[in-house]
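A short worksheet on the structure shown next.
Just so it is clear, none of the values below were taken in a lab; they were calculated from the coordinates. The structure presented is a predicted model; accordingly, all values stated were derived computationally and were not measured. A quick note on method: Cβ atoms are made from the backbone with ideal geometry, for glycine too, and the neighbour counts reach across all protein chains shown.
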């Protein structure tokens, strides 16, 4: 997976479908798509100001078309909403050559009071 662009709350990545990513029919395995949805949506969430990865509460994926071995896909993840305790993301997996939608995922994550530094949040620079 190659990162193409990242802005707060949005990531665009690309990947070539290889043998290791495929099912017995020579197309991108549904479990691989689920892994991409999980990981890339989490990275989009980490790219926000809060920077919390959260833990999965719900994830669903709709599979619409196959991507064959050798095809390049584009994975675009958006943070739809980041609330006090829950975050909602959307991920589109498309064929790079045609723009055809391969799959679409939604991922809900519980944020709790996480921060990525592991430090207590404070207005003072000196408190840890």
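The convex hull defined by the C-alpha atoms of the chain has an orientation-averaged projected area of 8.5 nm². The GNM of the chain, with springs linking C-alpha atoms under 10 angstrom apart, assigns the highest mean-square fluctuation among 84, 96, 109 to 84. Is it possible to state the helix-based mean residue ellipticity at 222 nm for the chain, with each DSSP H run of 4+ residues giving -39500 (n - 2.57), the sum divided by total residues, to the nearest 500 deg cm²/dmol? What is it? Mean residue ellipticity, 222 nm, calculated: -4500 deg cm²/dmol.
Please work out the Cα center distance from region 15-62 to region 85-110, rounded to the nearest Å. A separation of 8 Å, based on Cα centres. Counting every other Cβ atom within 10 Å of each residue's Cβ, 89, 76 order from fewest to most as 76, 89. Residues 14, 49, 82 in ascending order of nearby Cβ atoms (within 10 Å, fewest first): 49, 14, 82. Per residue, the convex hull spanned by the Cα atoms of region 45-91 amounts to 103 cubic angstrom.
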